[in-house]
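Accompanying notes for the structure given below.
The values are calculated or read from the model by the stated rules, or taken from the named source; none is laboratory data. Computed from a prediction, not measured in an experiment: that's the story for all the values here. As a convention, Cβ positions derive from the backbone with ideal geometry for all residues, glycine included, and neighbour counts pool all protein chains shown. Ligands, DNA and RNA are stripped out before the accessible areas are found, and what is left, the full protein with its side chains, is counted by its heavy atoms. Shrake-Rupley method; radii C 1.70, N 1.55, O 1.52, S 1.80 Å.
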Amino acid sequence: MEDSALTRSGEIQILPQEVVDKIAAGEVVQRPVSVVKELVENALDAGATEVIVTVEKGGLAKITIADNGGGIRPQDLPLAATRHATSKLRTTEDFAHLCSFGFRGEALASVSMVSHLCITSRVPEVKVGYKLAYRGGKPLQSPKPTARKPGTTVLVEDLFFNLPHRKVLRPADEYNKILTVLQHYSILYAEQGIGLVCQKSGKKSTTDLNTSNAVAVLRSALDAGQANDDALRKLQLRATQQVIAQVFGSQLISHLQGFDCLRLKEEGSEEDRSVFVCRGLISTTTIHPLSKRTQLVLFINSRLVECNGLKRVMEDIYSEYTKIKPFLYLRLDVPPDTVDVNVHPTKKEVALLYLDEICKHISSQLRQTLSRAGQTFEQEDLSVQSRLSNPYKRKVSAICTDNAPSGMHLLASQQPGKKSAACKLIRTDQSTQVGALEPYLVQKSQSETPLSDKTYQNETPSSTSSSQHSSESLLDTSQLSTRAVQPHKLDCPLAKPSPDLDLTQPGIFAAISQQCICREGSTIADASLVQLPRMAISRPKRILATPCRYSSIRSLRKRIRKRSTSRLEKRLRTSCWVGVVSRQRSLVQVGEDLVLMNHLEFSRQMFYQLALDRFGGGMDLAELGEGGQGAVDIQVIIAQALQLEEKVRSEEGRHELQQTRGLLTTSETNSALADQAATCLMDNSEMLEEYFSIAIEKDDLGRIMLKGLPVLLEGHCPQPHGLALFLLRLATEVDWSEERLCFHGVCRELGAYYSQLPSDNEALESFIRHTLFPAISTLTVPPTVLEEEGCFQSVTKLSKLFRVFERC
């Protein structure tokens with residue numbers, strides 16, 4: 001019996017196909033990040049320009065990867081998850097020229113063995129997409145048609161459902177691994193105009209990576225095909241730098257330099273397969289510590305891999321110059337037949353035929369690059385380190401010297417008493433008005449007498465209330481402290497200056513100075529006797545949240561604070577206005593940074609938060625028209641808006657609009673929809689008026705009328721052209737069945753309506769500058785998602801900008 005048992009246990013047998021498939025799947029799909037990496041590479045092989053990855057519970061519950069690539073033909077879908085079925089390989093000779101990521105037909109097959117897999121795909125030449133689910137590598141049914149844009153969506157659910165021992169993986173750790181891989185790929189593919197998005201779904205959905213905006217300009221240039229090589233390379237470099245800044249922080253960009261190392265075949269020589277091209281960006285020796293370990297982002301033939309040998313060589317070179325661990329982004333291109341990408345199931349590592357020679361050339365070039373950079377960056381390094389190491393100089397760099405105007409800070413450390421160079425001064429607060437250059441051109445009179453700071457303070461308000469922040473005059477405090485300021489005569493034009501006088505206009509300082517009659521012959525040269533009117537930046541009052549017993553409102557208010565950070569809020573509070581770039585974006589200054597701000601998105605957030613804070617009695621009711629005589633028929637205005645939209649869609653309708661005067665004749669469908677919307681608002685009118693000051697009543701004729709709207713911000717009136725859409729969305733987009741969703745929805749629609757900008761472009765800049773931006777910078781609690789999505793993005797530093805214009 002014992003011999004028989006030993007014989008059975010020692011027999012060599014062919015494993016069942018099911019066991020073979022699971023073993024193969026375990027080698028390829030080791031954890032959720034393996035699934036994401038394989039499927040993202042498939043999307044890139046398919047020519048996608050945008051790949052969106054959505055992960056739930058670290059990928060163990062659900063992974064969704066959507067792209068806009070070439071798609072899979074309907075007749076090929078049944079074979080998509082079959083082992084060794086591929087479109088990238090035909091014969092063994094193809095290995096010598098293989099440039100794609102996947103080629104073995106293992107990824108989708110392995111994923112289907114350990115999860116519930118579903119693929120939805122559409123090729124451009126087919127009008128609809130097709131959907132197919134798989135189990136164990138086999139399709140469950142024939143492909144079914146479904147709606148989808150060209151591209152592919154791969155849905156992986158319940159990963160490792162049949163491998164319980166792998167369910168012990170921590171979702172947070174797995175998501176971080178997925179995010180890291182996508183961040184690295186986004187750097188490489190930025191220069192090709194390909195955007196990657198990584199989203200975490202669940203109770204707290206977040207978007208932790210989105211490079212679509214960073215590569216948008218480059219993508220447009222590539223699609224147009226009109227950019228020359230030099231312009232294209234600049235756009236590629238810019239896109240790569242923006243993605244690196246998004247992934248590793250903007251502080252890294254100023255410490256990066258290009259790295260090029262190549263070994264090409266010499267003319268007339270025999271075939272040499274040890275040629276290679278290595279390009280990328282490396283950190284200089286002046287970089288501040290980013291990590292305790294070297295960060296090497298390495299791509300070999302566009303494949304994200306690890307190469308410990310190359311990493312150690314480069315670490316040794318850097319150790320000769322600095323103790324700080326470097327950041328390295330390298331793209332190494334070698335002949336396909338000199339690299340074996342099949343040495344590891346996950347292709348995490350590759351084998352290079354001439355690794356020693358490549359490392360030798362790269363290390364030599366790196367040493368030369370750092371040696372040359374040492375001379376270039378030495379002075380900058382000393383200035384930075386001196387500010388960090390010397391506490392006295394650190395204080396000096398943060399204050400205004402006697403020669404620096406108020407509201408201007410030094411960019412570099414400087415001893416007090418020395419005159420500041422122009423390139424070392426920047427505006428750091430609202431004290432120095434935009435465009436006010438003339439005050440710095442005024443000559444000082446020999447007869448000026450000093451005026452103490454105490455005297456000057458007695459002439460100005462001693463304190464600033466929280467509701468009104470008065471900025472300094474165009475003549476800053478350091479200048480006024482050395483001038484003899486005298487009051488104007490009663491008959492002087494400047495005794496009572498016009499409140500509409502805009503001192504930011506070029507030349508206005510000289511013009512109004514010459515109008516002064518307080519002393520004969522006064523000119524711009526002795527304008528010390530001219531007392532200019534103060535210009536104040538109107539700041540709105542701080543809004544205190546009204547007491548509320550509803551837990552839903554308290555939770556929504558608490559969520560606002562949780563979604564923000566003190567760093568971003570401080571940056572917004574200290575921002576200074578620069579100018580309007582477009583209808584949606586403005587330039588603002590934060591310290592030394594020039595920031596591109598999406599004022600429209602910030603405005604939506606601000607009015608949403610104001611509606612929440614003023615909930616339940618904190619909003620004043622503004623009646624429409626005088627004495628409420630301007631009430632609006634809700635049914636009529638919604639029906640007219642629907643009919644107008646319908647007309648605009650067709651050429652015939654647009655022609656008809658040109659001939660129409662007065663109200664449009666609405667169709668039966670649009671009238672019915674408007675009736676339903678008006679009825680819905682009337683049914684909820686008591687709640688809307690009590691909590692949100694939206695007054696809706698029926699008049700004597702039974703019409704449902706809008707009588708008034710809330711005052712969310714003093715001095716601000718919502719745009720009338722958006723009223724119809726606001727009422728329609730209020731009726732259709734708000735969930736009236738659940739308390740928290742209802743309150744959130746009403747506040748959201750109020751925020752969207754009140755943030756609409758004037759249609760008149762001439763009034764746009766004045767509105768944003770004098771009304772919108774002061775309120776945003778004072779009242780908004782900014783969510784971090786706005787910064788992540790590029791709504792508050794640093795463009796450059798003023799010190800660099802000065803050097804650019806200095807060369808012009």
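List of remarks:
- The amide H of Glu50, built 1.01 Å from its N in the peptide plane, has Asn68, Gly195 as neighbours under 5 Å, considering only residues 5 or more places off or on other chains.
- Computed over neighbours whose Cβ is under 9 Å from that of Ser302, the net charge equals +1, Lys and Arg +1, Asp and Glu -1.
- Here the Karplus relation 6.51 cos²θ - 1.76 cosθ + 1.60, evaluated at θ = phi - 60°, turns the backbone of the stretch 362-371 into coupling constants of 5, 5, 5, 5, 5, 5, 5, 5, 5, 5 Hz, with x for every Gly and Pro.
- Mean Cβ neighbour count within 10 Å, used as a protection proxy, ranking 598-609, 696-707 highest first: 598-609, 696-707
- Across the stretch 135-141, rounded Karplus estimates of 3J(HN,Hα) from the backbone phi angles (6.51 cos²θ - 1.76 cosθ + 1.60, θ = phi - 60°) give 9, x, x, 10, x, 7, 7 Hz, Gly and Pro being marked x.
- Mean-position separation - Cα centroids, the stretch 661-737 and the stretch 575-614, in angstrom: 29
- Total formal charge among the other residues, if their Cβ is under 13 angstrom from that of Asp67, Lys/Arg +1 and Asp/Glu -1: 0
- Rolling a 1.4 angstrom probe over the protein heavy atoms with all chains in place gives the stretch 102-141 an accessible area of 38 Å² per residue.
- Over all other residues within a Cβ to Cβ distance under 11 Å of Gly202, the charged ones net out to +4, with Lys and Arg as +1 and Asp and Glu as -1.
- Karplus 3J(HN,Hα) series, Hz, for the stretch 742-748 with 6.51 cos²θ - 1.76 cosθ + 1.60 (x for Gly, Pro): 5, 4, 4, x, 5, 5, 5
- Rolling a 1.4 Å probe across all protein chains gives Tyr130 an accessible area of roughly 60 Å².
- Take the Cα of Val126, go 7 Å toward its beta carbon, and the backbone nitrogen atoms of the stretch 146-166 under 15 Å from that spot belong to 146-154.
- Here's how it looks for Lys62: its modeled amide H is under 5 Å from those of Glu56, Asp158, which are all 5 or more places away or on a different chain.
- Amide hydrogen neighbours beyond the local backbone of Val297, cut-off 5 Å, H modeled: Leu328, Tyr329, Leu330
- Among the listed pairs Lys144/Lys200; Lys127/Lys200; Lys177/Lys204; Lys203/Lys558; Lys200/Lys570, those beyond 23 Å (Cα-Cα): Lys144/Lys200; Lys127/Lys200; Lys200/Lys570
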